[in-house]
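Take a look at the structure set out below.
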Amino acid sequence: MKRIITVNSNQVHKSLETKKLLTEKLLNVGFEVSYDFHPDAELIISIGGDGSFLKTIHDFDFPEVPVVGINTGHLGFFPDISPDNIDAFIEAYLKEDYIIQNIPLIGASVCTNTHCLDVFAVNEVVVKGDKSRTIHINLKVNDKHIQKFSGDGMIISTPTGSTAYNYAAGGSIVDPSINLMQLTPLYPINTNAYRSFTSSIIFSSESIITIAPEYRFENSILIVVDGVEHRYSQICDIKIFVSHIRMNLLRMSDYEFWSRVSEKFL
Ligand code: NAP
């Protein structure tokens, strides 16, 4: 039976060159290569940086098969393989010398006056003010009121996304083997008029975070899911939760999270 691998690349010159080279090498060892999503593919290879990796996962609607990345981008926290190591990668893949990192996504159920819609994120869901406006929201957890929050917004990140926007906003880096959600405020206002929490809050994977804009501001909320903006009219509330949908990231067998953190950040 033919073994199929899907290859997805961004349009950067180096990525397109890498795509050509990778295709030749995969064909040489007997794989069939598809550039579109193929239901029978056993592996998806994304060529680009972290942004392209996230785009591949969203474009292919959170596939069940493992996804691995070849890094032609800047940071490359998700893409594990250097374009110079394609031969070693193919050899290791054929020998099944790799590990699968199974990571949870977070979901956000956005309810407007007329309907609810679910979106899913690998890194984070950001709730912020549209057109640079301050947001004023009510924050509840498991239906218990926590606080009225005012500020630029808040990031709700997965452990995998903790090294991305969350980290830049002062949140903690989380070991991805821990299943939780981290809520990090963006420029919280603390004055006599408004009191907002200033540090990140860690929620268990069973928690449901509810963010409800105050009535008069309901059209000024912007939701950013893994870097992509979503606008909704008349938002009533946004419920954020750890999803049952999980992703399989294929990692080389020498992958270790904290070494990667130290190499990329410290
Ligand atoms: P982008 O330019 O694609 O990404 C911004 C930076 O974040 C890039 O250097 C990217 O790496 C890196 N990145 C993405 N996911 C990461 C992860 N899990 N761990 C560590 N670094 C990661 O920006 P975008 O298209 O707007 O959004 C994509 C992601 O970027 C978002 O999910 C968000 O987490 C992050 N972002 C960060 C900031 C910030 O740090 N101030 C602001 C907005 C968005 P590559 O260079 O390899 O692509």
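The values are calculated or read from the model by the stated rules, or taken from the named source; none is laboratory data. Because the structure is a prediction, the values reported are computed rather than measured. Counting neighbours? That spans all protein chains shown, and the Cβs are built from the backbone with ideal geometry, glycine included.
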*State which residue is surrounded by the fewest Cβ atoms within 10 Å (Cβ to Cβ) when the search covers only region 155-185 and only residues that are part of a strand (DSSP E or B) and more than 10 Å from the ligand (Cβ to nearest atom).*
Leu180
_Looking at region 18-30 only, could you name the residues that are in contact (Cβ under 8 Å) with a residue 24 or more places away in the chain and farther than 16 Å from Glu42 by Cβ?_
Thr18, Lys19, Leu21, Lys25
*Give, as residue ranges, the strands (runs of 3 or more DSSP E) completely inside region 101-150 that count at least 2 residues that are assigned by TED's automatic domain parsing to the domain that holds Phe203 and within 16 Å of the ligand (Cβ to nearest atom).*
116-121, 124-129
*Candidates Ile202, Ile209, Ile245, Ile223, filtered to the one that is closer than 30 Å to Phe89 by Cβ and of a type in the set (Val, Ile, Thr)*: Ile245
*asked:* Is it the case, given these coordinates, that Asp61 is part of a helix (DSSP H, G or I), surrounded by fewer than 19 Cβ atoms within 10 Å (Cβ to Cβ) and away from the ligand (no atom under 16 Å from the Cβ)?
replied: no
*Among the residues of region 192-209, is any under 27 Å from Ile44 (Cβ atoms), away from the ligand (no atom under 16 Å from the Cβ) and assigned to a strand (DSSP E or B)?*
no
_With out of contact with any strand residue (DSSP E or B) (no Cβ under 6 Å at 6 or more places or on another chain), more than 15 Å from the ligand (Cβ to nearest atom), among the acidic types (Asp, Glu) and not in a loop (DSSP other than H, G, I, E, B) as the only criterion, which of Glu91, Glu96 stands out?_
Glu91
_Quick check on region 7-18. Is at least one of its residues among the hydroxyl-bearing types (Ser, Thr, Tyr), closer than 24 Å to Asp226 by Cα and in contact with a helix residue (DSSP H, G or I) (Cβ under 6 Å, 6 or more places away or on another chain)?_
yes
*For region 217-261, enumerate the residues that are within 16 Å of the ligand (Cβ to nearest atom), without any contact (Cβ under 8 Å) to a residue 12 or more places away in the chain and not in a strand (DSSP E or B).*
Glu256, Ser259
